[in-house]
Amino acid sequence: MRILCVILAIALVSCENKTSNQWTTLSLVQDKPVIVNINLNEKDTTKDAGDEFAFEAKLRDTANNEVGTVLGMLVTVTLPHNAGVDSNNQEEKLSEIAYHFSDTDGLVVEGINGYAVNSPVMPINVPQLRAIVGGTGKYKGARGQVTLVHKEDGKYYHTLEYKLD
């Protein structure tokens, strides 16, 4: 009887889902995005604190198969004239990004990164990190980070590293 209990205990432990403790890497390629400027001061052509850019693009896997869309908002958070802070000719933008793979499967990413002044696009070939703050469907409980790289052809390369809790 004890041997049967030991075998049963080993079987239950071996059936336990252990993938939640392992990092998963997902590589995606984003097509050149459609970008719309939302300027809070319609008379002003410069982008000020609070102004936003909305974007949307198709997502592909590394074999060029379409796997979803990426949508996001970039909000300029650098204060006018940098309020005495040295900017190095860049401004900070807060980003909220949603990876939409299906009606139920998605990931949400947030972060803050430097951009050229008045530009809605990331600098070319400069990796930027953002936090994976959650997910839905098969990504429920996701946490981790995404590394984004903007290439000269206008595409963005996303390397998502995440765990499921």
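Odds and ends about this structure:
- Couplings 3J(HN,Hα) of segment 23-38, computed from phi: 6, 10, 10, 10, 9, 10, 10, 9, 4, 4, x, 8, 10, 10, 8, 10 Hz, in residue order, whole Hz [Karplus 6.51 cos²θ - 1.76 cosθ + 1.60, θ = phi - 60°; x for Gly and Pro].
- With the cut-off at under 18 Å, measuring from each backbone N in segment 133-161 to a point 7 Å along the Cα-to-Cβ line of ASP61 picks out 138-139, 157-161.
- Label positions at ALA131 and ASN39, each projected 7 Å from the Cα along the C-beta direction, are separated by 3.3 nm.
- Peptides 31-39, 61-69 ranked from most to least packed, by the mean per-residue count of other Cβ atoms within 10 Å: 31-39, 61-69.
- Debye-sum result for segment 25-164 in log10 I(q)/I(0), which assumes one identical scatterer on each alpha carbon, at q = 0.10, 0.17 Å⁻¹: -0.34, -0.93
- In order along segment 59-71, the Karplus-derived 3J(HN,Hα) couplings, from 6.51 cos²θ - 1.76 cosθ + 1.60 at θ = phi - 60°, round to 10, 10, 7, 5, 8, 6, 7, 5, 10, x, 10, 10, 10 Hz, and Gly and Pro are given as x.
- For the pair LYS32 and MET73, the difference between a 0.36 nm per residue extended length and the Cα-Cα distance amounts to 13.2 nm.
- Using only side-chain charges placed at the Cβ, +1 for Lys and Arg and -1 for Asp and Glu, the dipole size of segment 25-164 relative to its Cα centre rounds to 460 debye.
Every number here is computed from the coordinates shown, using simple stated rules; none is lab data. Bear in mind the structure is a predicted one, so any value in this text is a computation, not a measurement. Because the Cβ atoms are built from the backbone with ideal geometry, glycine has one as well, and the counts that use them run over all protein chains shown.
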